């Protein structure tokens, strides 16, 4: 396998009330081209409400957590807002005018288990401090996405050319198999007002019910995407590539990592984040329990 495991990096010990359990959806922001990386993740309190936490990581053959911030970066919104039941990190985009943290807000109740929309916070990735852009989402349900939206990944291609890949339900039904969660694309001139492309770029295949949490890396004129996919069993990693930012070729055999039985992975691989730092390519990922067992690190080797 091209990815070589470096082991489990972090799992909460229960000492932080708002981040007592889980360390899901790890997102890396390399700092100054060296070996220091700011990692954001989603943890949960005793009532299962999620907040965004952060830590400082030194990456190497023997990675170390140097600093764990006690206070969350972002907490659930005020009552009645789209994210009052929790916030889950999607990605962080560096920007001289203020780094942008795109996230998924949770809203529960009604005829379906949850409703999600995409929010934005502005701040400084180096310090790990962010402030909510608004009490409302920057992307919500609409005629193209009538059910729910999930984990956004954003790249800035040019000064007025922002691209987003995000999850969307194609249906809600009485059974879990009716979910059909796919990945769509949206584009923006400012990273705030988005125009969506109606046709999904990645759909569930065969007996799958969901493809979620895309992470996109631009390299040598090609886009490479890793994502999580599942049927009625555990999550595994999927992969797709594009040379024109529009058309994608899916090849899950190139994802580069297969789950290990037992241990912290517990036969599952999910919520990948691929990034480059210190001259190498790295993968942060979760194992079993949707982040309940923490997150680990792997390095790309060909």
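Pairs are defined by a Cβ separation below 6 Å, a sequence spacing of at least 6 or placement on different chains, a first member in segment 78-92 that is at positive phi and touching a residue at least 40 places away in the same chain (Cβ under 8 Å), and a second member that is outside any strand (DSSP E or B) and surrounded by fewer than 24 Cβ atoms within 10 Å (Cβ to Cβ); the pairs so defined are 86/49; 86/76.
Kindly indicate the residue of segment 261-285 that is part of a loop (DSSP other than H, G, I, E, B) and touching a residue at least 24 places away in the same chain (Cβ under 8 Å) and also farthest from residue 166 (Cα to Cα) among those meeting that condition. Show your work before the answer.
Taking segment 261-285 first, the residues part of a loop (DSSP other than H, G, I, E, B) are 261-269, 278-279.
With touching a residue at least 24 places away in the same chain (Cβ under 8 Å) added as a condition, the list becomes 263-269, 278.
On the way: 263: 30, 264: 27, 265: 25, 266: 26, 267: 25, 268: 21, 269: 19, 278: 28 Å.
The selected residue is 263.
Scanning segment 286-302 for residues that are in contact with a strand residue (DSSP E or B) (Cβ under 8 Å, 6 or more places away or on another chain) and outside any loop (DSSP other than H, G, I, E, B) gives 286, 289, 290, 291, 295, 296, 297, 298, 299, 300. Restricting segment 257-267 to residues that are out of contact with any helix residue (DSSP H, G or I) (no Cβ under 8 Å at 6 or more places or on another chain) and farther than 16 Å from residue 213 by Cβ, the residue that is modelled with the highest pLDDT is 258.
Going through (1) crowded, with 16+ Cβ neighbours inside 10 Å; (2) over 20 Å from the mean Cα position of the chain (by Cα); (3) modelled with pLDDT of 95 or more one by one, residue 72 falls short only on (2). In segment 44-59, is there at least one residue being closer than 22 Å to residue 154 by Cβ and surrounded by fewer than 19 Cβ atoms within 10 Å (Cβ to Cβ)? Checking segment 44-59: not a single residue is closer than 22 Å to residue 154 by Cβ and surrounded by fewer than 19 Cβ atoms within 10 Å (Cβ to Cβ).
What are the residues in segment 104-128 that are part of a strand (DSSP E or B) and either over 22 Å from residue 54 (Cβ atoms) or modelled with pLDDT under 95 (or both), if any?
At the first step, the residues of segment 104-128 found to be part of a strand (DSSP E or B) are 104-108, 114-124.
Those that are part of a strand (DSSP E or B) and either over 22 Å from residue 54 (Cβ atoms) or modelled with pLDDT under 95 (or both): 107, 108, 114, 115, 117.
I want to confirm something. Restricting to segment 93-105 and keeping residues that are without any contact (Cβ under 8 Å) to a residue 60 or more places away in the chain and buried (at least 21 other Cβ atoms within 10 Å of the Cβ), which single residue is farthest from residue 171 (Cα to Cα)?
First pass over segment 93-105, keeping only residues without any contact (Cβ under 8 Å) to a residue 60 or more places away in the chain: 96-98, 103-105.
If we keep only those that are buried (at least 21 other Cβ atoms within 10 Å of the Cβ) as well, we get 103-105.
Values: 103: 22, 104: 19, 105: 19 Å.
The selected residue is 103.
Given the options 152, 94, 137, name the one that is at pLDDT 95 or above and either closer than 21 Å to residue 229 by Cα or out of contact with any strand residue (DSSP E or B) (no Cβ under 6 Å at 6 or more places or on another chain) (or both). Exactly one of 152, 94, 137 is at pLDDT 95 or above and either closer than 21 Å to residue 229 by Cα or out of contact with any strand residue (DSSP E or B) (no Cβ under 6 Å at 6 or more places or on another chain) (or both), namely 152. Scanning segment 217-243 for residues that are touching a strand residue (DSSP E or B) at 6+ places or on another chain (Cβ under 9 Å) and either assigned to a loop (DSSP other than H, G, I, E, B) or surrounded by fewer than 18 Cβ atoms within 10 Å (Cβ to Cβ) (or both) gives 217, 218, 219, 222, 224, 231, 234, 235, 241, 242, 243.
In the set (1) within 19 Å of residue 56 (Cβ to Cβ); (2) in contact with a helix residue (DSSP H, G or I) (Cβ under 8 Å, 6 or more places away or on another chain), residue 270 fails one condition alone, (1).
Could you please let me know if residue 89 is under 14 Å from residue 284 (Cβ atoms) and either in contact with a strand residue (DSSP E or B) (Cβ under 9 Å, 6 or more places away or on another chain) or surrounded by fewer than 17 Cβ atoms within 10 Å (Cβ to Cβ) (or both)? Yes: the conditions hold for residue 89. Go through segment 244-281 and give me each residue that's within 22 Å of residue 104 (Cα to Cα) and surrounded by fewer than 17 Cβ atoms within 10 Å (Cβ to Cβ). Once the filter is applied, which keeps residues that are within 22 Å of residue 104 (Cα to Cα) and surrounded by fewer than 17 Cβ atoms within 10 Å (Cβ to Cβ), segment 244-281 yields nothing. Listed by position, the strands (runs of 3 or more DSSP E) enclosed by segment 147-212 that each have at least 3 residues that are without any contact (Cβ under 8 Å) to a residue 60 or more places away in the chain are 161-169, 181-188, 194-202.
For segment 286-299, does any single residue satisfy the condition of being in contact (Cβ under 8 Å) with a residue 40 or more places away in the chain, within 19 Å of residue 154 (Cα to Cα) and within 19 Å of the chain's Cα centre (by Cα)? No; the residues of segment 286-299 include none that is in contact (Cβ under 8 Å) with a residue 40 or more places away in the chain, within 19 Å of residue 154 (Cα to Cα) and within 19 Å of the chain's Cα centre (by Cα). Yes or no: segment 60-69 includes at least one residue that is surrounded by 14 or more Cβ atoms within 10 Å (Cβ to Cβ), modelled with pLDDT of 95 or more, more than 24 Å from residue 131 (Cβ to Cβ) and over 17 Å from the mean Cα position of the chain (by Cα). Yes; the residues of segment 60-69 include at least one that is surrounded by 14 or more Cβ atoms within 10 Å (Cβ to Cβ), modelled with pLDDT of 95 or more, more than 24 Å from residue 131 (Cβ to Cβ) and over 17 Å from the mean Cα position of the chain (by Cα).
The values are calculated or read from the model by the stated rules, or taken from the named source; none is laboratory data. Model, not experiment: these values are computed from the prediction. Glycine also receives a Cβ, built like all others from the backbone with ideal geometry; neighbour counts cover every protein chain displayed.
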